[in-house]
1. Take the alpha carbon atoms of the stretch 89-106, find their center, do the same for the stretch 286-334, and report the distance between the two centers in whole angstrom.
2. Per residue, how much accessible area does the stretch 202-389 have with a 1.4 Å probe, in Å²?
3. To the nearest 500 deg cm²/dmol, what mean residue ellipticity at 222 nm is calculated for the chain from DSSP H runs of n ≥ 4 alone, each contributing -39,500 (n - 2.57), summed and divided by the residues?
4. Each residue of the stretch 320-335 in turn: what ³J(HN,Hα) in whole Hz from Karplus with 6.51, -1.76, 1.60 and θ = phi - 60°, glycine and Pro shown as x?
5. Evaluate the charge dipole of the stretch 1-189 about its Cα centre and quote only its size in Debye, nearest 20, assuming +1 on the Cβ of each Lys and Arg and -1 on the Cβ of each Asp and Glu.
6. For Cα pairs less than 8 Å apart in space and 6+ apart in sequence, what is the mean separation divided by the residue count of the stretch 1-189, i.e. the relative contact order in percent?
7. Using the Cα centre of the chain as the reference point, and only Cβ charges (+1 on K/R, -1 on D/E), how large is the resulting charge dipole? Debye, rounded to the nearest 20.
8. Rank by packing, highest mean first: peptides 275-283, 167-175, with packing defined as the count of other Cβ atoms within 10 Å averaged across residues.
Amino acid sequence: MDRTVRNIWLLNLSTFFFFLGISSVNPIVSPFSMTLGASPFLVGTLAGITSVVSLISKPVGGLVGDRGYRLEAMILGNLLSLVSGVLYVVSALTGSIWLFAFTRALHGFSMGIFFPSSLSTAVDLAPVGRVGETLGWRGMMFSLGNIIGPALGGYASDYLGFAGAFFLVVIFSAVGALFVVPVRRDVGRTLVPVEKSEEADYSELLRPYFVAASVALLFFAASYSGVTTFLPALYKELSYPQRVFGTYMMVIGIASFVTRLIGGRSADRMGPIPVSAAGLLTVITGYMLLIRFTTPPASYASAVLIGAGFGLAIPAMQLMALGNLPQRIRTMGSSVYTMFFDLGTMGGQFALGYAAGGLGYAGILRFLPALAGVALLILAVSYFVGDKNG
């Protein structure tokens, strides 16, 4: 096997296990918060703490990566996630809402360190003309984590309790760190030589397509947070077991897994904006179906559309934002771009959580198509006023 391909896939596996740990927690954060006596607004706040800290810490991750420590940042991110897993278990055993809140913050910090370098190294190592495809393969690892993780978390919490489910984070994070080690030995700091990192000019991040892709991602993330944060709370309120939402997220993950590579390869050939727009249209259709059919098994049809659209849009939007950035600022570009995802997730969790206090968890679902529609409008404007290749 070619060394570059080997290294790409070792990092893909690290990405898979890192996000496997995150996704195994996602379906149980809201139900666990409710067992601690959290109100709907506090449920959203506890979920949103991770996004807040991730948002703040990503520039740190970007600076570290652009100084030549991208692989070290991936290892550190996994190790911080491992510590978070231990603290999750302790919070479950003690019933401490304050420790749980701190742990959510630490997990967010681990994401801020890991994510920018994970994304930028995929672009760095991609063969010429296959950046979208490489991002698609990386995205498939993310989706595979979302297929397996929520189901594992849901079933583990049902049968082993919350502490048993949280311990999965410890295992997955340890494995994720180990996969980066041989790449670090092989590549070292040659991805971004130090002398290049000193020439970084971050004003180049004001390129129109980077800005457009980032702002569109913000509204897309705000809409998606309504599904990941408040749909499990709705199912808990309706007395469904945690595994029901775990299955819902597994369906999203499978659909996203199937379309990720299609989205990446299509973006390489057609340009990223048309593919991103097609993905968002599919997601909006899924949201509208979820409003009509909220409970399982009919709701699983919406999960198919949301996941398929997610898989098409994300690698294309990543290519739109990062594909033409200079290597010396690419990790910071990844940081800023993904910060908009965190900002959108955080804003969605807080705003929709506030709205849920008066409208109920089911009432906030009707906001989701409009939020994703704003993202689609931004992409449409950028397509018609600029270079169609992004």
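The values are calculated or read from the model by the stated rules, or taken from the named source; none is laboratory data. Since this is a predicted model, take the numbers as computed values, not measurements. FYI the Cβ positions are ideal-geometry reconstructions off the backbone, even for glycines, and counts take in every protein chain you see. Each accessible area value is taken on the protein alone, full model and side chains, heavy atoms only, with ligands, DNA and RNA left out. Shrake-Rupley method; radii C 1.70, N 1.55, O 1.52, S 1.80 Å.
1. 30 Å
2. On the way: 6770 Å² over 188 residues.
I get 36 Å² per residue for this part.
3. Value at 222 nm, helices only: -29000 deg cm²/dmol.
4. In residue order, the calculated couplings are 4, 7, 10, x, 9, 6, x, 4, 5, 10, 5, 5, 5, x, 4, 4 Hz.
5. 340 debye
6. The value is 42 percent.
7. Values: 23 positive and 16 negative charges, 76 e Å.
Result for the chain is approximately 360 debye, rounded to the nearest 20.
8. 275-283, 167-175
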